[in-house]
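The values are calculated or read from the model by the stated rules, or taken from the named source; none is laboratory data. Just so you know, these numbers come straight off a predicted model, no measurement behind them. When we count neighbours, we look across all protein chains shown, and the Cβ atoms used for this are built from the backbone with ideal geometry, even at glycine.
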Amino acid sequence: MSERLSLVTFLAVLLVACGSPARKARVGLDSPDISVRIAAAKAVSQAGDEKAVPKLICLLKDEDADMRRAAASALGKIGSADAAEPLAEMYKKEEYHDVARAAARALVKIGEPSVEPFIGLLRSVKADVRAGAAWGLGRLESRKAVEPLIRLLDDRDEDVRIAAIYALRRIGNKRGMDAIAREVQNQDENVESAAEKALSGRGYESQLNKARRIIRRFPR
C-alpha cells in the first residue's frame, strides 16, 4: 500500500510539475492502471478542472476503495454542485469508513448544494450515516436543517442524538438551542452531557441555566 501511495504522489507531482494540460490529466482517469487513475484524480483536482467532474463521478463506483476515496476528495476540492447527489449516494452505501469520511468531507467542501442531500441522508437506516449527515449539516451551519435535526434528537441511536446536538449548537438557531436545552434532562447520561456541553458556550448561559432548573423538577 505504501509503495502504491508513493507512486501516486510521484505521478501527481509529475503531472503538475510538467505543466501537463488538464486534458492530458483527464485522459489518465481512463487508464487501466489504478495508480495512474488516482494520480490523474489528484492532478485534475489541483487544476480545478470542472470538465473532469463527470468522469470523477463515475469513479465513485470504482471497485477499488482507494480510487473511490481519491475521486471523492477530488470532487470536493473542485467543488462542483453536480457532485453533491452522487457523493451523498456513495456515502450512503460505502462500506469502508475512511472512504465514507472522504465523501462526507467532500460534501462539506461543496457547500450549500450539499444541504438537501445531507438532509436526505438523515433518513438513512444506518445510524452512522445519519450521524455523519448531522455532522455535515452542522459544519455547513444550514438553518434549513434545524427542524430535521431537532427530530433527530429523538433518534433511537445515542451517537446520532449526540451528533444532532452538536450540529444544532454549531448552527446556533434559537429554536435549535431550545431543543438542546430540553435534552439536558435526557435520561441517557452521554446525551445529557453532550447537551450540557453544547449549551456551555459563551452566549448560551441562560439556556443552560433554564435547562438546569427544569432538571431539578424531575426525580433522578
Qualifying positions in segment 106-145 - farther than 23 Å from A74 by Cα and either in contact with a Leu (Cβ under 8 Å, 6 or more places away or on another chain) or basic (K, R) (or both): L122, R123, K126, R130, R143, K144, A145
Residue check, L208 aliphatic (A, V, I, L, M), part of a helix (DSSP H, G or I) and modelled with pLDDT under 85: yes
From V146, V184, residue being among the aliphatic types (A, V, I, L, M), touching a helix residue (DSSP H, G or I) at 6+ places or on another chain (Cβ under 7 Å) and modelled with pLDDT of 85 or more: V146
Any hit, segment 75-83, residues being surrounded by fewer than 20 Cβ atoms within 10 Å (Cβ to Cβ) and touching a Pro at 6+ places or on another chain (Cβ under 7 Å): yes
Top-ranked residue in segment 93-108 [being loosely packed, with under 15 Cβ neighbours inside 10 Å and not aromatic (F, W, Y); ranked as farthest from D155 (Cα to Cα)]: D98
All positions within segment 109-138 that are over 16 Å from L168 (Cα atoms), under 11 Å from the mean Cα position of the chain (by Cα) and assigned to a helix (DSSP H, G or I): K109, I110, S114, P117, L121, V129
Residue list for segment 42-83, restricted to those being assigned to a loop (DSSP other than H, G, I, E, B) and charged (D, E, K, R): D49, K61, D62, E63, D64
